[in-house]
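I have placed the structure first, in the form of structure tokens, so that the comments after it can refer back to it.
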Amino acid sequence: MEIDPHYLPSEVSLLQQIVLQLLQAVEDKDQLLARVQHQLAQLLQYRYGQKRERIDENQLFLFAAQIIAASQRASVATSGEEPAADPSSRPDNKEKPERRGHGRKALPESLERRRVVFDLEESQRQCRQCQKPMQKIGEDVSERLEFIPASLQIIEEVRPI
């Protein structure tokens, strides 16, 4: 909304509305300025701080894109127009980011495997109450990578359950 200082409306309600809009615009710009000053202080710390805390200058351009986008949104908001809907900036965006797995990756199938089975003795395979042989219901397999000079081999250690 463009305001011409030479031709202000004489109605009090319109003047109050203009003052409220101007106060909101000033508050938005103050927030943007505070955010930019905070980012600048961080960047200066990275640039001139200790060596382990320094940042590559090429990464500074990442912040520039955010600052320019924020200033464009603020200028559009003060002009009274609705900013273009950016799905990534909306807080109600229901899409979850793709989660990457954690832990170790699976060992390659191309490596040679050697199976070592840790089985119970015959006396331990019988039920203590009825003395019937117990049935195997599954097995717990863990893999570990072992380095043997000039070759790699996977040893599967199995405990029947």
Can you list residues whose amide H is under 5 Å from Gln126's amide H, if they're 5+ apart or on another chain and H is modeled 1.01 Å from N? Met134
Other-chain or far-sequence residues with amide H under 5 Å of Ile154's (modelled H): Glu112, Arg113, Arg114
Starting with the highest mean, order 153-161, 100-108 by the number of other Cβ atoms within 10 Å, averaged over the residues of each peptide. 153-161, 100-108
Under 11 Å from the Cβ of Ile148, count the other residues' Cβ atoms, weight Lys and Arg +1, Asp and Glu -1, and hand me the total. -1
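Laboratory data are not the source of any read-out in this text; all were calculated from the coordinates shown. Nothing here was measured: the structure is a model prediction, and the numbers come from that model. As a convention, Cβ positions derive from the backbone with ideal geometry for all residues, glycine included, and neighbour counts pool all protein chains shown.
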